[in-house]
1. Once you order the gyration tensor axes a ≥ b ≥ c over the Cα atoms, which shape class does region 1-56 get: rounded for a/c under 1.5, otherwise prolate or oblate by comparing a/b with b/c?
2. Of 86/138; 24/86; 120/150; 24/150; 86/139; 86/140, which pairs sit farther than 18 Å apart, going by alpha carbon to alpha carbon?
3. For residue 109, what residues show an amide H to amide H distance below 5 Å, using hydrogens built from the backbone and excluding near sequence neighbours?
4. Can you list, largest first and rounded to whole Å, the semi-axes you get for the chain by taking the square root of 5 times each eigenvalue of its Cα gyration tensor?
5. Report ³J(HN,Hα) in whole Hz for each residue of region 137-142, in order, from the Karplus equation J = 6.51 cos²θ - 1.76 cosθ + 1.60 where θ = phi - 60°; Gly and Pro get x.
6. Show me the ranking of peptides 98-108, 133-143 by mean Cβ neighbours inside 10 Å, starting with the highest.
7. Which of rounded, prolate or oblate describes region 103-161 when judged by the alpha-carbon gyration tensor and an a/c cut-off of 1.5?
8. Under 5 Å between amide hydrogens, which residues at least 5 positions from residue 146 or on another chain qualify, with H placed 1.01 Å from N in the peptide plane?
Amino acid sequence: GLDFRIVEPLFMDYYQNEYCDVVKVTSRVAHAGAALQAAQKITPNVALATIPIFPLIAIEERMRWAGISDFPFALVTSFEMMHASKPHPEYYAEIAYHLNCAPEECLMIGNDYHDDMIAKAVGMKTFLVTDFAMREDKKKYEPDYQGSLKEVAGFLSSLIK
């Protein structure tokens, strides 16, 4: 029952200050940069499809922690712009819409059997990153491809014609 315009300054203050301390319990993931570079060689339409329950300011902070804040993503999903969220197929359809392409032209690379592989429901191809795989017990869709994050760059390079 709260008006978001009233509480929004509190959230923004939190994300500009205290949230930044979370970096102390994070670490960068090897091979993420190589995977992004390989994706960029295929298309400029590389999206960061993180669960959009956070505002963009929080996601941008997480990108800094990960060392990918300078990557030229075509789309970074956040609660300000998305109308659906993982694990709803509509989330993935909306991503394709924002990228101005058909879902069948997309490849969702993620580590969650449930929240990420559900992109198949709208026709996207999927790649499960096995080193960090989550929620196999909630699996509804088999990934089209799978492998370690280190293998993602090679896989993407093999798609270049």
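Every read-out reported here was derived from the displayed coordinates using simple, explicitly stated rules and does not represent laboratory data. For clarity, every value in this text was computed on a predicted model and none was experimentally measured. All Cβ positions, glycine included, derive from the backbone under ideal geometry; neighbour counts span all protein chains shown.
1. Here region 1-56 falls in the oblate category.
2. The answer is 24/86; 120/150; 24/150.
3. For residue 109, the qualifying residues are 127.
4. Equivalent ellipsoid semi-axes, largest first: 27, 19, 16 Å.
5. 5, 9, 5, 10, 10, 7
6. 98-108, 133-143
7. Oblate.
8. Here the answer is 128, since their amide H atoms fall under 5 Å of that of residue 146.
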